[in-house]
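Enquirer: Please read through the structure below; I'll follow up with questions.
Just so it is clear, none of the values below were taken in a lab; they were calculated from the coordinates. Model, not experiment: these values are computed from the prediction. Ideal geometry is used to build each Cβ from the backbone, glycine not excepted, and the neighbour counts take in all protein chains shown.
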Amino acid sequence: MKRLSLEVASPTFDIALPGDTHIGSVSYHEKGVGQLIDHIASSGCYWAHMGDWIEAITTDDKRYAWSKENPIPLLQAQEAVKTFQPIADKCFCALIGNHELKLHRFGNLVKDVICSSLSIPYGAYMAHVEVKHEGTKLFSMQLWHGPSRGLLTSQAKDYEQAIANLKASLKMRLKYMVSDCAIQACGHYHRLLTVPPTNQLYIYRQGTKIKQGYLDGIQTGAYIDPDRRWYVCTGSFSKLYPDDEDAISYAEVSGYKPVELGYPVIHVVDKQIKSIEQVVV
């Protein structure tokens, strides 16, 4: 687990966690990434990339889908550098994803090409990020690209139950991995999901009176109760159906369900995590 830190200039700030951009894929949502770039450039939002910057599937791979532009992983990495150059100064962590990791015999395209060219911190596959203001820790985040295999799915017949199942699975997947992070986030699943701290009622005695309270998010400590953490699945920029009608994506071949494309934004107000917004593009 890579150790990184983010020193913020103000006690009120935003952090975006985009990922799974898959530049070079037939399904790459270029316009959506453009909206992300504009948002961060105009707002001054801090950001990390959650991995799978590029498609990184070579032409002799069985997963390869024909693409009109940049089918070569090295060219895709160079396009990623050009795309994210305008907001590189606000990036505090760049994860490698399973797509880039598959090319480890060739080299580390994220560390040696993207991070080196943009002068941004390499976060490996999982990073522990300590967020600070004026040298004082506000909270920590676990940023993980996600498992190299497996999907986050639910077979529930009801939509609301299916979403609840997905959120429960996300929480179960993350909560035992690290204990001191107020925010635990992963990419890979191409799902845009947020599980906030549980607003659970509890009863206690104070002197002669019986009182009630509610669980809320605790930001620091060696052990933060799992029900008091934020869990985030960071979405993607990979379309189910390519714009080119002759192109075929592995998502449609596999029969994946449609999902919202976008990224989460963490809103911190006066040093406290207040909400996590799902920005759909």
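Enquirer: Could you derive backbone 3J(HN,Hα) for the stretch 41-47 from the dihedral phi with the Karplus parameters 6.51, -1.76 and 1.60 (θ = phi - 60°), listing whole Hz in sequence and x where the residue is Gly or Pro?
Expert: For the stretch 41-47, the Karplus-derived couplings read 5, 7, 9, x, 5, 6, 8 Hz, x marking Gly and Pro.
Enquirer: Between 104, 140, 123, whose Cα lies farthest towards the positive end of the dipole of the stretch 79-153 when Lys and Arg beta carbons carry +1 and Asp and Glu beta carbons carry -1, centred on the Cα centre?
Expert: Looking along the dipole axis, the top candidate is 104.
Enquirer: Moving on. Taking 8 Å as the Cα distance limit and 6 or more residues as the minimum spacing, I'd like the relative contact order of the chain as a percentage.
Expert: RCO, the chain: 23 percent.
Enquirer: Which value, in debye to the nearest 20, gives the size of the charge dipole of the stretch 148-229 about its Cα centre, when Lys and Arg are +1 and Asp and Glu are -1 at the Cβ?
Expert: It comes to approximately 100 debye.
Enquirer: In what sequence, highest mean first, do 88-99, 215-226 appear when ranked by Cβ atoms within 10 angstrom?
Expert: In descending order of packing, they fall as 88-99, 215-226.
Enquirer: Using only helices, what value at 222 nm comes out for the chain when you add -39,500 (n - 2.57) per DSSP H run of length 4 or more and divide by the total residues, to the nearest 500 deg cm²/dmol?
Expert: -5500 deg cm²/dmol
Enquirer: Amide H neighbours of residue 138 under 5 Å, at least 5 residues apart or on other chains, H built in the peptide plane: list them.
Expert: Distant-sequence amide H within range of residue 138: 131, 132, 133.
Enquirer: Considering only 268, 251, 236, whose Cα is most displaced toward the positive end of the charge dipole of the stretch 226-281, charges sitting on Cβ of Lys, Arg (+1) and Asp, Glu (-1)?
Expert: The Cα lying farthest towards the positive end belongs to 268.
Enquirer: Return the distance in nm (one decimal) between the two label points of a simple spin-label model at residue 256 and residue 202, each offset 7 Å from Cα along Cα→Cβ.
Expert: 3.9 nm
Enquirer: Let me make sure I get this right: for the stretch 128-237, a, b and c are the square roots of the gyration tensor eigenvalues over alpha carbons, sorted descending. Under 1.5 in a/c it's rounded, otherwise prolate if a/b > b/c, else oblate. Which is it?
Expert: Note, shape of the stretch 128-237 comes out oblate.
Enquirer: Report the calculated FRET efficiency for residue 243 and residue 267 (r = Cβ-Cβ distance, R0 = 30 Å), to the nearest 0.05.
Expert: Efficiency at R0 = 30 Å is approximately 0.40.
Enquirer: What is the extension gain from residue 9 to residue 119, computed as 0.36 nm multiplied by their sequence separation minus the C-alpha to C-alpha distance, in nm to one decimal?
Expert: 37.6 nm
Enquirer: If you place +1 on the Cβ of every Lys and Arg, -1 on the Cβ of every Asp and Glu, and leave all else neutral, what size is the dipole of the stretch 185-233 about its Cα centre, to the nearest 20 Debye?
Expert: So the magnitude is around 180 debye.
Enquirer: In addition: Mind listing the phi-derived Karplus ³J(HN,Hα) values for the stretch 188-193, rounded to whole Hz, using 6.51, -1.76 and 1.60 with θ = phi - 60°, and x for any glycine or proline?
Expert: Each residue of the stretch 188-193 in turn: 6, 6, 6, 10, 10, 9 Hz.
Enquirer: Suppose every Lys and Arg Cβ carries +1 and every Asp and Glu Cβ carries -1, with no other charges. What dipole size does the chain come out with about its Cα centre, to the nearest 20 debye?
Expert: The dipole of the chain has a size of about 1300 debye.
Enquirer: Helix 159-174 sits at what angle to the longest principal axis of the chain, using alpha carbons and giving 0 to 90 degrees rounded to 10?
Expert: 90 degrees
Enquirer: Also, I was wondering about something else. Any lysines with Cα under 23 Å of the residue 209 Cα? List them, leaving off those in the same chain fewer than 8 positions away.
Expert: none
Enquirer: Using a cut-off of 14 Å between alpha-carbon atoms, which aspartates and glutamates can reach residue 31, once sequence neighbours fewer than 8 places away in the same chain are excluded?
Expert: 243
Enquirer: Per 0.36 nm of contour for each residue apart, how much would the distance between residue 225 and residue 132 grow if the chain were fully extended, relative to their Cα-Cα spacing?
Expert: 31.4 nm
Enquirer: Packing-wise, with mean Cβ within 10 Å as the measure, how do 235-243, 105-113 rank, highest first?
Expert: 235-243, 105-113
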